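Reading through the structure tokens given below for one structure.
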Amino acid sequence: MNQLLTISSLVEFIIHAVNWPICIYLPIIHKSGLLILLFIFQIMKKLLFIAIAMSSMFYSCKKDLVAQYNANIKAPLSIEFDNTMGGTDLQLSTATYTNANNELFKVTMLKYFVSNIILTKIDGTIYTVPQDSSYFLVDESKPATLSPIINVPEGEYT
């Protein structure tokens, strides 16, 4: 009887110290050997969980690597032009639109030149596309011209 009180007092003290509910251990207090094994197993499970959580936390806190770009290598960049009228896609020769004077009209052809393209990198440096590669005729009737491709140095642009 004295051994049972000693073991149950110890278990009760440890349960209160780690703030675990005593109701988990009350049904098996009379089997002191099983209680101690179960209690050690419970502690080991908690410690294992804490160790895994801590190691994953430290592993995920490593410094992010900054992407390295080679300014001597040029990569293709596509610029997309999406022509709209009144908030909707422009429809050549089919849709009727109204101007500011309430006059109706249809757009049958839309062509324009794009030139002097300048890009700004994330670090604030500016890249100007050379003039011999910087003139594009955009023609709404030819979908291939709506996305001209230019070659720019590798990097991140804003």
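Would you mind ranking Met85, Met109 so that the residue whose beta carbon has the fewest other beta carbons within 10 Å leads the list?
Details: Met85 14, Met109 9.
Ascending Cβ contact count within 10 Å gives the list Met109, Met85.
All other residues with a Cβ under 13 Å from the Cβ of Gly155 taken together, and with Lys, Arg as +1 and Asp, Glu as -1, what is their net charge? Value of the local net charge: -1.
Put in order of Cβ neighbour count within 10 Å, fewest first, the listed residues Thr125, Thr96, Thr145 become Thr96, Thr125, Thr145. Note on Thr94 and Ser141: the model spin-label points, each 7 Å out from Cα along the C-beta direction, lie 1.5 nm apart. Between Leu119, Val152, Leu137, the Cα set farthest toward the positive side of the dipole of region 111-158 (charges on each charged residue's Cβ, about the Cα centre) is that of Leu137.
Close amide-amide hydrogen proximity is noted between Ile117 and Val129, each under 5 Å apart and 5 or more residues distant or on a separate chain (H modeled in the peptide plane; Pro and chain starts excluded).
No value in this document is a laboratory result; all are computed from the given coordinates. Since this is a predicted model, take the numbers as computed values, not measurements. Every residue, glycine among them, receives a Cβ derived from its backbone with ideal geometry; neighbour counts consider all protein chains shown.
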